[in-house]
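Since every read-out is calculated from the coordinates, none of them should be taken as a lab result. If you're wondering where the values come from, they're calculated on a predicted model, not measured in any experiment. Ideal geometry is used to build each Cβ from the backbone, glycine not excepted, and the neighbour counts take in all protein chains shown.
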Amino acid sequence: MRRVQTADDCDPGSFVALLKAVVVPRPIAWVSTLSVDGVANLAPHSFFTVASQLPPIVQFTSIGRNDSLRNAIETGEFVISLANRQMFKQINASGTNFPPEVDEFSQIGIEREDSSLVKPARVAGSPAAIECLTERSVEFEHSVVVFGRVVAIAVDEKAFEGGHPEIRRLGPLARLGRDEWSEIGELHQAARIPYEG
């Protein structure tokens, strides 16, 4: 027997909490941006994925109109650093609702490094970063999806194994329901099965 809830059965907050508990694990976009005044912003966003292969587009969702959204739209650039296990405390701390004039890198004590093609900095301690030009945004009432064209990907040399980034060396974190986070667990490998008709 299944417990079924519809959007009309309960309050919106409970319905969204249920949705976030079953759409798991969700990768985390650790988004860095610059304001038009040059103030650095850094915040985690757990509604994040690859949106297109060709052209290479990623997306993250801003819940409400926050600094990441405003900066990405106004300046046309953002960087997504991989949220890894080693930086868990800093990632969680960067989710604090700091005012727009506060530089989160400095406030939390996160080392930054220059990006290759965009102005927002990468997180120096992150094993991978994706540099993006803001392609467009789509608004859905209280949320805005931001699409970014990937122009550069920077991966730490130590993360490679056989010419490819190895998942355990990347050590990505993911979000679950409630205040839960997860790490990479057991791995399974299986090649696609071609149709032989």
Which of the residues belonging to region 178-193 are exposed (fewer than 10 other Cβ atoms within 10 Å of the Cβ) and in contact (Cβ under 8 Å) with a residue 12 or more places away in the chain? ARG178, LEU187
Residues that are part of a helix (DSSP H, G or I) and either crowded, with 18+ Cβ neighbours inside 10 Å or of a type outside the set (Asp, Glu) (or both), drawn from region 63-83: ASP67, SER68, LEU69, ARG70, ASN71, ALA72, ILE73, THR75
Region 94-123, subset loosely packed, with under 15 Cβ neighbours inside 10 Å and of a type in the set (Gly, Ala, Ser), residue nearest to ASN41 (Cα to Cα): SER106
Just checking, which of PHE48, PHE60 is surrounded by 14 or more Cβ atoms within 10 Å (Cβ to Cβ), out of contact with any Asp or Glu (no Cβ under 7 Å at 6 or more places or on another chain), farther than 13 Å from LYS119 by Cα and without any contact (Cβ under 8 Å) to a residue 40 or more places away in the chain? PHE48
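A quick yes/no check of all residues on (1) touching a residue at least 24 places away in the same chain (Cβ under 8 Å); (2) on the phi > 0 side of the Ramachandran plot; (3) part of a helix (DSSP H, G or I):
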| site | (1), (2), (3) |
| --- | --- |
| VAL118 | yes, no, no |
| GLU135 | yes, no, no |
| GLY148 | yes, no, no |
| ILE153 | yes, no, no |
| ARG168 | no, no, yes |
| TYR195 | no, no, no |
Whether any residue in region 151-165 is under 14 Å from the mean Cα position of the chain (by Cα) and surrounded by 15 or more Cβ atoms within 10 Å (Cβ to Cβ) is what I want to check. no
If I ask for residues that are free of Cβ contacts under 8 Å to residues at least 24 places away in the same chain and either among the acidic types (Asp, Glu) or part of a loop (DSSP other than H, G, I, E, B) (or both), which ones from region 99-116 would you list? PRO99, GLY109, GLU111, GLU113, ASP114
Among the residues of region 17-38, write down those that are among the aliphatic types (A, V, I, L, M), in a helix (DSSP H, G or I) and surrounded by 15 or more Cβ atoms within 10 Å (Cβ to Cβ). none
Condition (residue is more than 24 Å from ILE63 (Cα to Cα) and hydrophobic (A, V, I, L, M, F, W, C)) applied to region 140-148: is it met by at least one residue? no
Does region 160-175 contain at least one residue that is small (Gly, Ala, Ser) and in contact with a helix residue (DSSP H, G or I) (Cβ under 9 Å, 6 or more places away or on another chain)? yes
State whether one or more residues within region 84-92 are under 16 Å from the mean Cα position of the chain (by Cα), aromatic (Phe, Trp, Tyr) and in a helix (DSSP H, G or I). yes
Among (1) assigned to a loop (DSSP other than H, G, I, E, B); (2) surrounded by 13 or more Cβ atoms within 10 Å (Cβ to Cβ); (3) of a type outside the set (Ser, Thr, Tyr); (4) touching a Phe, Trp or Tyr at 6+ places or on another chain (Cβ under 8 Å), which single condition is ALA7 missing? (2)
